[in-house]
1. Which one of these is among the aliphatic types (A, V, I, L, M), under 22 Å from PHE25 (Cβ atoms) and free of Cβ contacts under 8 Å to residues at least 60 places away in the same chain: ALA39, ALA68, ALA76, ALA64?
2. Does the stretch 58-78 contain at least one residue that is touching a Ser or Thr at 6+ places or on another chain (Cβ under 8 Å) and within 17 Å of ALA20 (Cβ to Cβ)?
3. Spot the failing condition for GLN84; the list is (1) touching a helix residue (DSSP H, G or I) at 6+ places or on another chain (Cβ under 6 Å); (2) modelled with pLDDT of 95 or more, and only one is missed.
4. Could you list all residues from the stretch 20-46 that are among the β-branched types (Val, Ile, Thr), under 22 Å from ILE59 (Cβ atoms) and buried (at least 16 other Cβ atoms within 10 Å of the Cβ)?
Amino acid sequence: MGFIPILGQLVALVVLVLTAFALWFVVADNLAAVDAIKASFDLVTKNLGFVIVLTLLSILLFIAGALAFIVGVFIAIPIIVIAQGFAFNSLQGRLVAP
């Protein structure tokens, strides 16, 4: 395995983390795509440690679901989406319903 594929995977992981909340900004704040990416970048850089942990836990949960005969993915994906929505609202200081 060469250097370029590993570098590409690292770049993809960095982009994944920095744009983690872009879709949430589009849906919740009705921002345009570029503005949502900028807002996600700002939010993530202010809370980098938390977002990295959230991303790593999401990846591990997805892998665990995939190892559970693929059926676990149907449980893992909704849990990951709920966790991202909760984190988005919490980091924004918005009310999170109990």
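1. Answer to the check: ALA39.
2. The answer is no, given that none of the residues of the stretch 58-78 is touching a Ser or Thr at 6+ places or on another chain (Cβ under 8 Å) and within 17 Å of ALA20 (Cβ to Cβ).
3. (1)
4. ILE37, VAL44
The values are calculated or read from the model by the stated rules, or taken from the named source; none is laboratory data. All figures in this text were calculated on a predicted structure; none of them were measured in a lab. So basically every Cβ, Gly included, is an ideal-geometry build from the backbone, and we count neighbours across all protein chains shown.
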